[in-house]
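The values are calculated or read from the model by the stated rules, or taken from the named source; none is laboratory data. Since the model is a prediction, treat every value here as computed from it, not as a measurement. Methodologically, a virtual Cβ is constructed for each residue, glycine included, from the backbone with ideal geometry; neighbour enumeration extends over all protein chains shown. Accessible surface areas use protein heavy atoms only, side chains included; no ligands, DNA or RNA. Shrake-Rupley method; radii C 1.70, N 1.55, O 1.52, S 1.80 Å.
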Amino acid sequence: MMNAEKRSFYEKAARRLAASARLYGVDAVVHVEDKVDIWFWQQLLQRYRTGRYRFLPATMNERGNRSTGCTQCLKYRGFLSSRFFVCIDSDLRYLAGEEVSAKEGILQTYTYSWENHCTFAPKLQECFDRLMQGRRTFDFQIFLKRYSRIVYKPFLLMLSEERKNRKGFRQDRFRKCISIQFRQGDEANNGAPFLKRIADSLDSALKKGDGWADFDFEAEAARYAALGLRADNAYLYVRGHCIYNSLVSMGRRLCSQTGVNFEKDILKSALAFGQYEEIKRIADDMAILS
C-alpha cells in the first residue's frame with residue numbers, strides 16, 4: 001500500500017499526463033513497460049482503438065528517477081483514464097487471478113508477455129511457408145504442440161506451488177528448465193532433439209518430488225482451463241522470453257543463407273488478430289477502455 005505522500009505524487013502525475021495528451025495532439029498518453037513493448041501495443045491499438053497515441057516507456061518515480069517496468073506502470077492504478085492508461089505484460093498475474101482491469105485503465109497481454117503472441121503457431125507456420133517457398137521444411141505447429149505437452153504438467157505444478165507460496169518447484173526453477181541453448185541439429189524432426197532436452201531438464205528438476213505428493217492434477221488442470229490454459233497451448237503462457245528465444249535460435253538455423261530474417265520477417269510479422277482467445281481478450285478490453 002502506498003503512503004499518502006506517494007499516492008498524492010502519482011495522482012498528480014497521472015492528471016498531468018492525461019492533460020498532456022491535448023498538448024501533444026494525441027488521443028491518449030500510454031505508459032508501457034519499456035521501448036520494446038511499443039511495437040506490440042501500437043499494432044493492437046491501431047487495430048482495435050484507432051487513434052493517435054504518445055507512448056511512454058518510462059516516467060519519473062517518487063524519488064525523481066526515470067523508472068521503467070510493470071511496477072512503475074501499476075503505481076498509477078486508481079488514477080488512470082481513457083486519456084492516460086497503461087499496458088503491461090500479464091506475467092503470471094492473469095493465471096494467479098490478480099485483479100487487473102481495463103475498466104481502471106490497465107490493458108494486459110493475457111499471455112505471459114507480448115513475445116508469446118508472436119509465437120502463435122498457425123500464423124508462424126503460414127508466414128514461414130510463404131517466405132521460405134519450400135526451401136526448408138519445419139512444422140511449428142507440431143513443435144509448439146509437443147513443447148506445450150512437455151511443459152504442461154510441470155507448469156501446472158509450478159503455478160500450484162506459487163499459489164500456495166511454497167519453497168518447492170517455483171517459477172525460477174521452471175524457467176531454468178526451459179531456458180536451454182540451441183545446438184546444431186536441434187531442428188531435426190521438427191525440433192525433437194531440442195524438445196527432448198527440455199523434457200530431460202524438467203524430469204531432472206522434478207526428481208526430488210517437490211510438490212508432487214499432494215498435487216491434484218485434475219483439479220489444477222480444470223482451474224487453469226477455465227482461464228484458457230490447456231495442454232496444447234501452454235507455450236502461450238510460459239515465460240515469453242524463453243519460448244521466443246528458443247524460436248529465434250531455431251528459426252535462424254532454418255533460415256540461414258536464405259535471405260529471410262526469421263525474427264524480423266516471421267516472428268515479428270503482423271499479429272494474428274482475432275484468431276485465438278488471448279488476443280481476442282485484449283480487443284474486448286480495448287472496447288471497455290474506450
Checklist line | Among (1) of a type outside the set (D, E, K, R); (2) in a helix (DSSP H, G or I); (3) touching a residue at least 40 places away in the same chain (Cβ under 8 Å); (4) more than 30 Å from ASP285 (Cα to Cα) - the single one SER201 does not satisfy | finding: (3)
Notebook entry, point to check: Given the structure, is LYS167 in a loop (DSSP other than H, G, I, E, B), open to solvent by 20 Å² or more (accessible area, probe 1.4 Å) and without any contact (Cβ under 8 Å) to a residue 24 or more places away in the chain?
Noted result: yes
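Could you look through the range 175-195, keep only residues that are over 22 Å from LEU229 (Cα atoms) and either hydroxyl-bearing (Ser, Thr, Tyr) or assigned to a helix (DSSP H, G or I) (or both), and pick out the one that is most open to solvent (accessible area, probe 1.4 Å)? Show your work before the answer.
Keep residues of the range 175-195 that are over 22 Å from LEU229 (Cα atoms), which gives 180-194.
With the extra rule that they be either hydroxyl-bearing (Ser, Thr, Tyr) or assigned to a helix (DSSP H, G or I) (or both), the set shrinks to 188-194.
Working: ALA188: 49, ASN189: 108, ASN190: 36, GLY191: 0, ALA192: 32, PRO193: 51, PHE194: 0 Å².
It comes out as ASN189.
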Notebook entry, point to check: Does the range 230-242 contain at least one residue that is under 18 Å from ALA121 (Cβ atoms), touching a helix residue (DSSP H, G or I) at 6+ places or on another chain (Cβ under 9 Å), without any contact (Cβ under 8 Å) to a residue 40 or more places away in the chain and buried (at least 16 other Cβ atoms within 10 Å of the Cβ)?
Noted result: no
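Taking into account only those residues within the range 1-50 that are of a type in the set (Asp, Glu) and assigned to a helix (DSSP H, G or I), which is modelled with the lowest pLDDT? First the steps, then the outcome.
Pass one, the range 1-50, residues of a type in the set (Asp, Glu): 5, 11, 27, 33-34, 37.
Next cut, assigned to a helix (DSSP H, G or I) only: 5, 11, 37.
Numbers: GLU5: 90, GLU11: 96, ASP37: 98.
Per the criteria, the residue is GLU5.
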Notebook entry, point to check: Restricting to the range 1-57, what's the tally of residues that are without any contact (Cβ under 8 Å) to a residue 24 or more places away in the chain and buried (at least 17 other Cβ atoms within 10 Å of the Cβ)?
Noted result: 1
Notebook entry, point to check: Among the residues of the range 58-67, which ones are surrounded by fewer than 18 Cβ atoms within 10 Å (Cβ to Cβ) and either closer than 19 Å to ALA18 by Cβ or not charged (D, E, K, R) (or both)?
Noted result: ALA58, MET60, ASN61, GLU62, GLY64, ASN65, SER67
Check: Any idea which of (1) assigned to a loop (DSSP other than H, G, I, E, B); (2) open to solvent by 20 Å² or more (accessible area, probe 1.4 Å); (3) without any contact (Cβ under 8 Å) to a residue 60 or more places away in the chain; (4) under 22 Å from ASP91 (Cβ atoms) is the one ASP172 doesn't satisfy?
Finding: (1)
Note to self: ALA219 - would you say it is part of a helix (DSSP H, G or I) and either under 30 Å from GLY51 (Cβ atoms) or polar (S, T, N, Q) (or both)?
What the structure shows: no
Check: Would you say CYS73 is part of a helix (DSSP H, G or I) and open to solvent by less than 30 Å² (accessible area, probe 1.4 Å)?
Finding: yes
Check: Considering only residues of the range 92-148 that are assigned to a loop (DSSP other than H, G, I, E, B) and aromatic (Phe, Trp, Tyr), which is nearest to GLU277 (Cα to Cα)?
Finding: TYR110
